[in-house]
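K.L.:
Handing you this structure, nothing more for now.
The values are calculated or read from the model by the stated rules, or taken from the named source; none is laboratory data. The model shown is predicted, which means the values in this text are computed figures rather than measured ones. When we count neighbours, we look across all protein chains shown, and the Cβ atoms used for this are built from the backbone with ideal geometry, even at glycine. Ligands, DNA and RNA are stripped out before the accessible areas are found, and what is left, the full protein with its side chains, is counted by its heavy atoms. Shrake-Rupley method; radii C 1.70, N 1.55, O 1.52, S 1.80 Å.
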Amino acid sequence: MKQNNWIPRKDSPGKRAVLLTGGAGFIGSHTYVALKQAGYEVIIVDNFSNALEDTPERLQQLTGSKVICYADDLLDRSAIRRIFDNHPIDAVIHFAAKKSVAESTTAPLVYYENNVSGLIGLLEEMRRASVFNLVFSSSATVYGSPETLPVRENAALSSTNPYGFTKLVCENVLSDLQKFDPRWNVGILRYFNPVGAHSSGLIGESTTGIPDNLMPYIAKVATGELPFLRVFGADYDTLDGTGVRDYIHVMDLAEGHVLSLEELLDGAGSHIVNLGTGRGYSVLEMLKSYETACGRTLPYQVMPRRPGDVGEVVADPANANALLGFEAKRDLDHMSKTSWNWMLQRMD
Ligand code: UD1
């Protein structure tokens, strides 16, 4: 068992306080629940550009305590400064960013401004408030087209699109910051493919528009909102020819954030880790699992490969396990079931 050496800041009321940027979004809201369960004080700031408006109320219902949520944009520096002035914050978990590969190719400046300028402004405000602990949302996208599987953290980094480059630039900014200013403690978490929802069905992924990602798309085929799944390529060198990814349940991912944060607050230092399961599933396996969850056959059509896609990406989670004690516990069945449960609640 790891020893917890965390010492509260002088002006801290005793409970550790964490600011979640983008805390009303998909991964942010689930991390909120995991942090509250672990006994943290949590403050959310979110501009609600990709979050459901009633998320704070739902979080309140789920956790049984009042939710502190600021509806502000990260680029509004004075608003962010006010939050640090109002609360004695010990650490920040930074989720707030744009994440669509396709959109980033049509609006690269919006992506660089939100993701890169957003991070830099946040770091400036953290430094001003003497808060030097940060957990950062990165992505397996930084591995581009990996040469060896499963992917380890020391694999070559690359990207083919502006979204991916913003994550690479942000990782570089954070690495320079730690190199030249030892006060900073940073946990960089490279997410594989987060799916599923909280088992209560109260929170899940916002589902407006046509989803880019696989499971939300399948979910909309299951509700009848979309006619069939487009399977992007069945000629990859994989078990059934369709793309293989490392899907991880969002609550496992959320718990990974708590472990990363604890590592930083314990003074154990900065880290870069993959958050995945180490197990890959194909598009058709995902579809089959969802069919079991929703109880009916779902139509699909094989289409050409999606530009920029690769055949297989699977994490080596050994580092996360060794450094943080992280292990994904929830299986594919649970991922599909909880996603479907969330869709059903939305339809009521
Ligand atoms: C995608 C992004 C990645 C981003 C991640 C965020 C691309 C190329 N990559 O990853 O940068 O970090 O989302 O979660 O967009 N698929 C279908 N039909 C669909 C949707 C997907 O067949 O309608 C297939 C894809 O070809 C792929 C698999 O499902 O084989 C998973 O796709 P997706 O959920 O979009 O995730 P990634 O491509 O891994």
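K.L.:
For Gln37 paired with Lys179, estimate the spin-label separation in nm (one decimal), with each label point 7 Å from Cα along the Cα-to-Cβ line.
P.N.:
Roughly 3.8 nm, to one decimal.
K.L.:
How charged is the neighbourhood of Gly39? Take every other residue with its Cβ under 10 Å from the Cβ of Gly39, and add Lys/Arg as +1 and Asp/Glu as -1.
P.N.:
+2
K.L.:
Given a Förster distance of 22 Å, report the FRET efficiency between Glu285 and Phe228 from their Cβ-Cβ distance, rounded to the nearest 0.05.
P.N.:
Here the calculated transfer efficiency is 0.80.
K.L.:
Same structure, new question: Probe of 1.4 angstrom, ligands and nucleic acids ignored: what's the accessible area per residue over the range 17-347, in square angstrom?
P.N.:
Heavy-atom accessible area per residue stands at 42 Å².
K.L.:
Using alpha-carbon pairs under 8 Å, 6+ residues apart, how would you state the relative contact order of the chain in percent?
P.N.:
That works out to 19 percent.
K.L.:
Something else about it: Determine ³J(HN,Hα), in whole Hz, for all residues of the range 228-245 in sequence, where each value follows from phi through the Karplus function 6.51 cos²θ - 1.76 cosθ + 1.60 and θ = phi - 60°; x replaces Gly and Pro.
P.N.:
With coefficients 6.51, -1.76 and 1.60, one gets 7, 7, 8, 8, 7, x, 10, 10, 7, 7, 10, 4, 10, x, 9, x, 10, 9 Hz.
K.L.:
Please sort 126-138, 89-101 by packing, taking for each peptide the average over its residues of neighbouring beta carbons within 10 angstrom, highest first.
P.N.:
89-101, 126-138
K.L.:
Ignoring ligands, DNA and RNA, please state the percent of accessible area on the chain from carbon and sulfur, probe 1.4 Å.
P.N.:
Answer for the chain: carbon and sulfur cover 50 percent of the accessible area.
K.L.:
By average Cβ neighbour count within 10 Å, what is the ranking of 160-167, 19-26, 263-270, 242-249 from highest down?
P.N.:
Those peptides, ordered most packed to least, come out 19-26, 242-249, 160-167, 263-270.
K.L.:
While we're here: Calculate, axis by axis, the spread of Cα positions in the range 201-299 along the three principal axes, and write the results as whole Å, longest axis first.
P.N.:
Extents along the principal axes, in whole Å: 51, 37, 23.
K.L.:
Within the set of other residues whose C-beta is less than 15 Å from the C-beta of Leu62, count the net charge using Lys and Arg as +1 and Asp and Glu as -1.
P.N.:
Surrounding charge for Leu62 is +1.
K.L.:
Treating only the Cβ of Lys, Arg, Asp and Glu as charged (+1, +1, -1, -1), what charge dipole size does the chain show about its Cα centre? Round to the nearest 20 debye.
P.N.:
Dipole magnitude for the chain comes out near 440 debye.
K.L.:
How long is the gain from Ser199 to Leu344 if the chain were fully straight, where each residue apart is worth 0.36 nm and the alpha carbon distance is subtracted?
P.N.:
Difference between extended and current length: 51.0 nm.
K.L.:
Further question: How many nm is it between the label spots at Asn86 and Glu57, if each spot is 7 Å from the Cα in line with the beta carbon?
P.N.:
2.0
K.L.:
Give the value in nm², to one decimal: projected area of the alpha carbon convex hull of the chain, averaged over all directions.
P.N.:
16.8
K.L.:
List, in order, the whole-Hz ³J(HN,Hα) value for each residue of the range 190-203 obtained from phi through the Karplus relation with A = 6.51, B = -1.76, C = 1.60 and θ = phi - 60°; use x for Gly and Pro.
P.N.:
So the J values, rounded to whole Hz, are 9, 6, 8, 10, x, 9, x, 7, 4, 5, 5, x, 7, 10.
K.L.:
While we're looking at this one, here's another question. Order Thr141, Thr55, Thr105, most accessible first, counting only protein heavy atoms with a 1.4 angstrom probe.
P.N.:
Ranked list, largest accessible area first: Thr105, Thr141, Thr55.
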